[in-house]
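Q: First the structure, which I've put down as C-alpha cells, then a few questions once you've had a look.
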Amino acid sequence: MAVDMATIEGLCKRRGFIFRSSEIYGGFNGFFDYGPLGAELKNNIKQAWWKDFVHKRDDVVGLDASIIMHPNVWRASGHVDGFSDPMVDCKESKLRFRADQLFFAEVKVDGETIGYVSVLEDENMQRDAEEKAAELKRKLAKQGSLGEIVLKNYMDAKPFEYELIPSPATGKAGSLTPPRDFNLMFQTYVGALRDETAIAYLRPETAQGIFADFKNIVDTSRVKLPFGIAQIGKAFRNEITPRNFIFRSREFEQMEIEYFISPYDDWKALHRQWIDACKAWFVSIGLPAKDLAEDVHPQEKLAHYAKACTDITFHFPHGLQELQGIAVRGNFDLTQHQNASKTNLEYFDEARKEKYLPHVIEPSLGVDRTFLAVMTAAYSEDEVPNDKGQAEKRTFLKFSPRIAPFKAAVFPLVKNKPELFNRAREVYAKLQNRWNVFFDATGAIGRRYRRQDEIGTPFCITIDFETIEGNGSVTLRDRDTTKQVRLSVDEVIKHIEEAGA
Ligand code: ATP
C-alpha cells in the first residue's frame, strides 16, 4: 500500500526504530539515531548484504578503512575541487536551498511576470507551489487581472535574481542569490595545529578507502581479476537540504563495492550482472520487484571518465528515487591515485603477461535508504478480529524474516501460572541461542500479538495449557495471515529457519 513519509516517521519514533539526533536539544537537522529496533534492523540489513556479497562470493573480499584519510586522497579523487552542489540563499530568510532541487511557480499577469513562489523538488512541495500559485491567481482574479502560473526549475531559468512571493518558510517576500558551488565535505583538523595544513575531511563516500588500499589487498590476499572489495561504513555529506527523513541525511552509511575488472573484459555484460545481482538482493530482503526500476543515465550526463551508470530506483513515499547507483568508472580512480601518490598501482595479469590499471564497476548503496525502502515496503494495514470478535484496524510491518528485528516472540498464555511461565522461559532461552527473540508475559494475548505485528515480528509462539498438560506442543502464529498452528518446539524452530530467519 502507498504510505506517506509522516506515517513511517511516526511509527519509527513510536516504536523506537529511529529518533531525531539530539532530540532533547531540539534535534539536529540531517542527523538521526537508530533506537533499539532500528539498530537491529539496520544490522540485519548490513549482515544480509555482507553475507550475500562477501561471504557467498568467491570473488569479493572485505575492508574496513578509516573514516578520516590523508587529505591528498580527496584531492586526487576530485572531491576537494568538485564534490559540490549548486546552492542559493534566500536573501531575506537566510534559508539555503540546493539550486538544482529548487522549483518555483512564476506568476504572470497580462503576460508580465510579477513574481515567483519557490518550492523544493518533490511531489508534495510541487503541489504546495501549485496551491500557493492558485491562491495568488484567485487574488489576482479578484483584482480584475488574469494571472498565469508557470512551474519551472530554477536551474533552467535566467536571470538568477528573483523576487519571491512569498518565501516558503517565512511567508515573507524574498529574493535569491545566484547559485554558488558548495562543497559537501565536512572539514576537521588533525593534530594540535589549527591551520590550513591540518585540514582533513570526513569521508563523503567509502569508495576511496578501497582505491587507496587496492595495492595492499592485491599484495596480501590471493585475489585475481575480476575481483571486488566491499566495505560498509559511515559517510558524511554536508547536504544543503537534508530532507525526506533518512533518505538524505548528513551522516549516513554506505555499502559499496569496487569490482575490479580487466580492460579486456566485457564491461557491459558485467555491469548487467551487477545490476541483476543487486536487484535480486533487494528482493531477497523483502522489496517487491514491482517497486524497483532502473534509471539509465544518458551518455551526455555521465562524468567524463564514466562509461555507464544505472541507478536502481525504488518507489519511496516521496516518489520513484535513487536507491543505489551502479557505475562503470573505467580506471579513473586508480589512475588519479597512482599519479598523485607516485605509487605504481598496476596489476600484473599473468595470463597476458601484461601490467595495467584495472577498470571498475561500482555498486554503491546507502544503508539508510535501504532501511527506508524496507520500511516503506513492509508497512501494511488490514482488519482483523479483536478479542471480542469485532473487526479492528491493524498496522503491521511485513518484514522479511531475514531482516526482521525479532524473529519470534514467546508468550506464556497467562503470567500467574508458574508452570506455564517457566516453560515459556525455557522455549525463549532455546530460541535465544539462535536468534534475537522477544519475551512478553503481560497483557491480553491479542494485544501482545498486535504489538509484535507493529514491529514486524514474523512469528509469535504461545505456551498454553495444552503445552504443559498435553504433548508439549505450542501455537505458532503467522504475522501476515494471523493463522495459528500447533507444532512441537523443534518443528517451530525448523519453520522459522525455513522462513529464512
Ligand atoms: P543523490 O543524487 O541522491 O545526492 P548521489 O548520486 O550523490 O545521490 P552517490 O554519491 O552515488 O549518491 O552515493 C551512493 C549511494 O549512497 C546513493 O545511492 C544513496 O543510497 C546513498 N546516499 C548518498 N547520499 C546520501 C545521503 N545524503 N543520505 C543518505 N544516503 C545517501
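The values are calculated or read from the model by the stated rules, or taken from the named source; none is laboratory data. Just so we're clear, the structure is a prediction, and the values are computed from it rather than from any experiment. As a convention, Cβ positions derive from the backbone with ideal geometry for all residues, glycine included, and neighbour counts pool all protein chains shown.
Q: Hey, any hits in segment 30-51 for a residue that's assigned to a loop (DSSP other than H, G, I, E, B), touching a residue at least 40 places away in the same chain (Cβ under 8 Å), more than 19 Å from THR370 (Cβ to Cβ) and outside the structural domain of PHE316 (by TED's automatic domain parsing)?
A: No: segment 30-51 contains no residue that is assigned to a loop (DSSP other than H, G, I, E, B), touching a residue at least 40 places away in the same chain (Cβ under 8 Å), more than 19 Å from THR370 (Cβ to Cβ) and outside the structural domain of PHE316 (by TED's automatic domain parsing).
Q: Where in segment 290-405 are there strands (runs of 3 or more DSSP E), lying wholly inside it, with at least 2 residues that are within 16 Å of the ligand (Cβ to nearest atom), closer than 19 Å to THR206 by Cβ and small (Gly, Ala, Ser)?
A: On the way: elements: 292-296, 308-316, 319-330, 347-349, 354-356, 359-366, 379-385, 391-397.
Counting at least 2 such residues, we get 319-330, 359-366.
Q: So, one more: Collect the residues in segment 203-235 that are near the ligand (Cβ under 9 Å from one of its atoms) and in a strand (DSSP E or B), keeping them in residue-number order.
A: Within segment 203-235, just ALA235 meets the criteria.
Q: Report whether or not GLY26 is at positive phi and surrounded by 15 or more Cβ atoms within 10 Å (Cβ to Cβ). Please lay out each step first, then the result.
A: On the way: at positive phi: yes; surrounded by 15 or more Cβ atoms within 10 Å (Cβ to Cβ): no.
The answer is no for GLY26.
Q: Do we have ASP440 as within 16 Å of the ligand (Cβ to nearest atom), buried (at least 16 other Cβ atoms within 10 Å of the Cβ) and on the phi < 0 side of the Ramachandran plot here?
A: Values: within 16 Å of the ligand (Cβ to nearest atom): no; buried (at least 16 other Cβ atoms within 10 Å of the Cβ): yes; on the phi < 0 side of the Ramachandran plot: yes.
No: the conditions fail for ASP440.
Q: Check ALA289 against each of (1) without any contact (Cβ under 8 Å) to a residue 24 or more places away in the chain; (2) in contact with an Asp or Glu (Cβ under 8 Å, 6 or more places away or on another chain) and name the one condition it does not meet.
A: Unmet condition: (2).
Q: Also: Being among the basic types (Lys, Arg) and over 26 Å from the mean Cα position of the chain (by Cα) is the filter; apply it to segment 450-481 and report the residue that is nearest to PRO401 (Cα to Cα). Even if it seems obvious, please write down each step before you answer.
A: Within segment 450-481, the subset among the basic types (Lys, Arg) is 450-451, 477, 479.
From what's left, over 26 Å from the mean Cα position of the chain (by Cα): 450, 477.
On the way: ARG450: 17, ARG477: 14 Å.
Once the filter is applied, the top-ranked residue is ARG477.
Q: When segment 244-277 is examined, which residues are found to be more than 9 Å from the ligand (Cβ to nearest atom), aromatic (Phe, Trp, Tyr) and assigned to a helix (DSSP H, G or I)?
A: Of everything in segment 244-277, those that are more than 9 Å from the ligand (Cβ to nearest atom), aromatic (Phe, Trp, Tyr) and assigned to a helix (DSSP H, G or I) turn out to be PHE245, TRP267, TRP274.
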